[in-house]
1. Please go through segment 209-230 and pick out each residue that is closer than 23 Å to residue 134 by Cβ and touching a strand residue (DSSP E or B) at 6+ places or on another chain (Cβ under 7 Å).
2. Which of the following residues is within 27 Å of residue 158 (Cα to Cα) and touching a residue at least 12 places away in the same chain (Cβ under 8 Å): 245, 212?
3. Residues in segment 219-230: is at least one within 32 Å of the chain's Cα centre (by Cα), of a type in the set (D, E, K, R) and modelled with pLDDT under 90?
4. When the residues of segment 173-187 are narrowed to those that are aliphatic (A, V, I, L, M) and in contact (Cβ under 8 Å) with a residue 40 or more places away in the chain, which ends up farthest from residue 247 (Cα to Cα)?
5. Mind listing whichever residues of segment 28-38 are crowded, with 16+ Cβ neighbours inside 10 Å and either modelled with pLDDT of 90 or more or in a helix (DSSP H, G or I) (or both)?
6. Which one is nearest to residue 133 (Cα to Cα), of the residues in segment 256-267 that are surrounded by fewer than 16 Cβ atoms within 10 Å (Cβ to Cβ) and touching a residue at least 40 places away in the same chain (Cβ under 8 Å)?
7. Only residues in segment 188-201 that are without any contact (Cβ under 8 Å) to a residue 40 or more places away in the chain count as the first member; pair them with residues that are assigned to a strand (DSSP E or B) and of a type in the set (Lys, Arg), Cβ under 8 angstrom, at least 6 apart or cross-chain, and list the lot.
Amino acid sequence: MLNMRSVDLNLLTTLQALLVEQSVSRAALKVGLSQPATSHALARLRELFKDALLERHGGQLRRTALASELMPRLDAALRAARAVFDPEVSFDPMQVSAEVRLAATEYVSALLLPPLMKKIKSEAPGVDFRVIPTNKLAVAEILRSGQADLALGVFEPYVPGFRSEALFDDDFVIVARLGHPILASRARLTPLCFVDHDWMLVSPFGDSVGQVDDALQPLGICRRVRLTVPNFLQASEVASETGLVLALGRRLAMRSIQRLPLGWRELPLTVRGFTTNMMWVDQRNSDPLLLWVRQQIAGAVKALA
């Protein structure tokens, strides 16, 4: 275990500058040290972390994997330290240099990242985002281990040790290429007519059935799933060029029909919808950066309406 008494906490500020700038000379200017002093600090940090932290690639320094993992924790630690000495300090996103890691499903990423990044680009030019894949089985461990700061997806809303916020509800609609018989018919669509088509299933985890199949089971009806794919956007592309029919979340369906030759109609049976949540560890509930990011994500959701 590291003896904190042997560590100069000023190294944290130097470490942040080095990892953000990825340059010893620029980091030295940022923290007001000489270049030799900054080089000495980097050597000390490498010794403490037993990692190069910055490695030379093609004449430039680049963060190591460990250094990238340290950035969000380092930024949070420095903000917490500043708050100890100046509790009244206000959070200014224009002045923050940080990386925020989002563990997000593909569905949520496709919907929220465009409006979120448009807003972040102008309001927090020093904040970078990294999106990593997640699922409802691994989300707690991803957040607990610090691999991600926030998780976005369909998760259990109440997990001990975590906070969550509902972002939006969604339901399913039928999506098919323009001119497909399932869209062209003006007759009332019945469950029997509904299954008289070749279907595609989106299954991120490889399941052979989905919510539509669960809804069909009590009726004693099953559909023919000709293709199972892991990605929603991939499924939309395939549907636009084939005769395969797809049940897609309404919000993403409305975006897909704007960019692809697709149409939609309501399902002829009740299919269980879903709620997308935002989740984070309880200990970081008051983190100013994450509080601000959560507010921006909530704003991005409003932009979808």
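The values are calculated or read from the model by the stated rules, or taken from the named source; none is laboratory data. All values derive from a computational prediction rather than experimental measurement. So basically every Cβ, Gly included, is an ideal-geometry build from the backbone, and we count neighbours across all protein chains shown.
1. 210, 211, 228, 229
2. Selected residue: 212, the only one of 245, 212 that is within 27 Å of residue 158 (Cα to Cα) and touching a residue at least 12 places away in the same chain (Cβ under 8 Å).
3. No, there is no match, as no residue in segment 219-230 is within 32 Å of the chain's Cα centre (by Cα), of a type in the set (D, E, K, R) and modelled with pLDDT under 90.
4. It comes out as 178.
5. Once the filter is applied, which keeps residues that are crowded, with 16+ Cβ neighbours inside 10 Å and either modelled with pLDDT of 90 or more or in a helix (DSSP H, G or I) (or both), segment 28-38 yields 28, 30, 31, 38.
6. Of everything passing the filter in segment 256-267, 261 is nearest to residue 133 (Cα to Cα).
7. 195/224
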